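Asker: I have a structure here, written as structure tokens, and I will follow up with some questions on it.
The values are calculated or read from the model by the stated rules, or taken from the named source; none is laboratory data. Not measured: the values here are computed from a predicted model. Note: ideal-geometry Cβ built from the backbone for every residue, glycine included; neighbour counts use all protein chains shown.
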Amino acid sequence: MFESVLVANRGEIAGRILHTARAMGLKAIAVYSEADADLPFVAEADEAVLIGPADPARSYLNTAAILEAAHRTNARAVHPGDGVLAESASFARQAAARDLVWVGPPPLAVARMGDKINARNLMKEAGVPVAPGVWEPVPDAATAVEEAARIGYPVMVKPAAGDGGLGLAAAHDEPSLRAAYAAARAAAERVFGHGEVLIERYVPGARHIEVPILGLADGTVVAFGERDCSVQRRYQKIVEETPSPGLDPGLRDGMAAAAVRAGETVGLRGAGSVEFLVDPAAREFYFLEMSTRLPSGHVVTEMVTGIDLVEQQFRIAAGEPVSFTGAAPHGHAIAFRVHAEDPQRFLPGSGEIKVWEEPVGDGIRIDAGYAEGNTVTPHYHPLIAKLSVRGDDREHALARARAAVDAFRIEGPPTNLPFLRELLGRPEFAAGTYDTGMVARMRGVVG
């Protein structure tokens with residue numbers, strides 16, 4: 001096992017990784033921007049290095065500054081967290097060139113899954129179900145119209161690179177398709193440096209399910225149940241729960257087997273997840289993408305398995321055996337992403353946190369990126385904490401969730417806590433019959 005690790009991320013996920021590193025006796029090193037100097041993850045680290053101003057391009061995405069910080073602190077490994085750098089094959093190669101242990105899948109696996117079109121093609125060859133769509137980038141709007149006519153409306157338009165819902169839009173006819181294509185291309189060029197776009201069939205009323213997997217050093221891939229990520233705003237996840245209340249045993253087993261096959265196909269080592277779109281009416285599922293990183297929703301998986309997935313990442317990266325003997329989930333867990341944003345329109349907010357009072361009690365876990373007195377700035381993603389609960393079954397978990405959300409007090413910047421309370425009061429969510437369109441319907445948006 002290496003003796004020290006630098007965490008190339010910020011906020012909640014940086015603190016979560018640093019916590020496990022210190023518990024394992026590793027020297028835990030943080031990097032931070034000028035805007036984040038007072039955040040809890042900086043104080044928790046054994047050593048912290050200022051790497052630049054608030055602008056992410058000049059700090060958290062500045063790989064030269066991060067690698068220089070690793071050199072200055074004699075770090076032996078680098079963990080990229082769950083953000084952009086975690087799925088950067090280039091950064092993984094740069095770290096290896098500096099003789100740093102990369103805590104993540106091999107660069108080749110990262111590269112192969114980093115492009116959604118390439119990923120679709122690989123999964124099709126491997127026998128993983130893939131939604132009808134294109135098999136190469138769509139070069140222009142005219143071609144998009146032709147492909148949509150072949151696939152059949154409605155279709156989903158998305159950048160070929162990245163994840164997190166950026167640039168995604170559903171199109172139900174040619175005018176909306178042309179607008180969605182232009183928006184996706186612009187987003188892809190702005191964020192990823194190239195404008196490649198793909199189109200695939202859109203399934204109304206679908207559920208978004210991800211299967212967490214772990215690639216072991218001997219090539220074995222293990223699946224850990226599934227997480228239902230269907231509660232989304234702007235195609236970005238707000239709630240994750242396991243097990244999914246909308247799957248029957250046949251679908252559950254089929255997706256687990258497909259996820260293992262996907263991980264084996266790309267030679268995954270370490271943590272990842274395979275995401276599927278499920279058509280409940282047809283009882284069919286389709287591959288969406290594979291995240292070759294620690295999944296953001298890993299907390300609920302940890303709560304029902306008792307396995308620290310970050311610890312397993314460290315062990316696999318160091319060439320050590322994992323520390324668990326089984327992965328059978330037990331109980332029910334639900335995680336809520338607490339954002340600094342307007343709970344009606346979901347527009348990001350900022351400001352000083354005047355009050356921060358966390359709920360406490362059995363089955364409650366808080367992974368926080370901020371504390372009372374900190375300031376939420378407009379420079380980064382509005383996630384400020386993850387509130388997770390575990391119960392003996394779903395009803396038990398829902399009861400704990402309602403009490404925990406009611407008890408969580410944050411004053412200062414706007415938060416989505418009022419929305420989470422509203423969500424927990426919805427019969428559709430309580431019954432477990434929700435789908436990816438539920439939040440839009442709650443806000444009166446159709447289509």
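Asker: Scan region 343-350 and give yes if some residue there is outside any helix (DSSP H, G or I), free of Cβ contacts under 8 Å to residues at least 24 places away in the same chain and not basic (Lys, Arg), otherwise no.
Answerer: Yes: region 343-350 contains one or more residues that are outside any helix (DSSP H, G or I), free of Cβ contacts under 8 Å to residues at least 24 places away in the same chain and not basic (Lys, Arg).
Asker: Restricting to region 122-178, name every residue that is crowded, with 20+ Cβ neighbours inside 10 Å, of a type in the set (Gly, Ala, Ser) and under 18 Å from Phe285 (Cβ atoms).
Answerer: Passing the criteria: Ala131, Gly133.
Asker: Consider Val222 carefully, then state whether it is part of a strand (DSSP E or B), assigned by TED's automatic domain parsing to the domain that holds Ala327 and under 30 Å from Ser90 (Cα atoms).
Answerer: Yes, satisfied.
Asker: Given (1) assigned by TED's automatic domain parsing to the domain that holds Ala23; (2) crowded, with 21+ Cβ neighbours inside 10 Å; (3) assigned to a helix (DSSP H, G or I), where does Arg93 come up short, assuming only one miss?
Answerer: Here Arg93 meets the rest and fails (2).
Asker: Within region 419-441, can you find the residues that are more than 23 Å from the chain's Cα centre (by Cα) and in a helix (DSSP H, G or I)?
Answerer: Glu422, Pro427, Glu428, Ala430, Ala431, Arg441
Asker: What is the number of the single condition among (1) without any contact (Cβ under 8 Å) to a residue 40 or more places away in the chain; (2) of a type outside the set (Asp, Glu); (3) touching an Asp or Glu at 6+ places or on another chain (Cβ under 8 Å) that Gly331 does not meet?
Answerer: All conditions are met except number (1).
Asker: Kindly indicate whether any position in region 363-373 is farther than 27 Å from Arg409 by Cβ and buried (at least 19 other Cβ atoms within 10 Å of the Cβ).
Answerer: no
Asker: Would you pick out the residues in region 97-113 that are surrounded by fewer than 23 Cβ atoms within 10 Å (Cβ to Cβ), in a helix (DSSP H, G or I) and modelled with pLDDT under 95?
Answerer: Pro107, Leu108, Ala111, Arg112
Asker: Counting just the residues of region 191-208 that are at pLDDT below 85 and among the small types (Gly, Ala, Ser), which one comes out surrounded by the most Cβ atoms within 10 Å (Cβ to Cβ)?
Answerer: Ranking the qualifying residues of region 191-208, first place goes to Gly195.
Asker: Something else about it: Could you go through region 254-267 and let me know if any residue there is part of a strand (DSSP E or B), crowded, with 24+ Cβ neighbours inside 10 Å and either at pLDDT 95 or above or not assigned by TED's automatic domain parsing to the domain that holds Gly319 (or both).
Answerer: No, there is no match, as no residue in region 254-267 is part of a strand (DSSP E or B), crowded, with 24+ Cβ neighbours inside 10 Å and either at pLDDT 95 or above or not assigned by TED's automatic domain parsing to the domain that holds Gly319 (or both).
Asker: Any residue at all in region 209-217 that's modelled with pLDDT under 90 and either buried (at least 24 other Cβ atoms within 10 Å of the Cβ) or more than 30 Å from Pro245 (Cβ to Cβ) (or both)?
Answerer: Yes; the residues of region 209-217 include at least one that is modelled with pLDDT under 90 and either buried (at least 24 other Cβ atoms within 10 Å of the Cβ) or more than 30 Å from Pro245 (Cβ to Cβ) (or both).
Asker: Can you tell me which of Ala160, Ala144, Ala119, Ala111 is closer than 17 Å to Glu87 by Cα, in the same structural domain as Ser176 (by TED's automatic domain parsing) and either of a type in the set (Ser, Thr, Tyr) or in contact (Cβ under 8 Å) with a residue 12 or more places away in the chain (or both)?
Answerer: Ala160
Asker: When you check Val42 against the structure, is it part of a helix (DSSP H, G or I) and under 18 Å from His379 (Cβ atoms), yes or no?
Answerer: Yes: the conditions hold for Val42.
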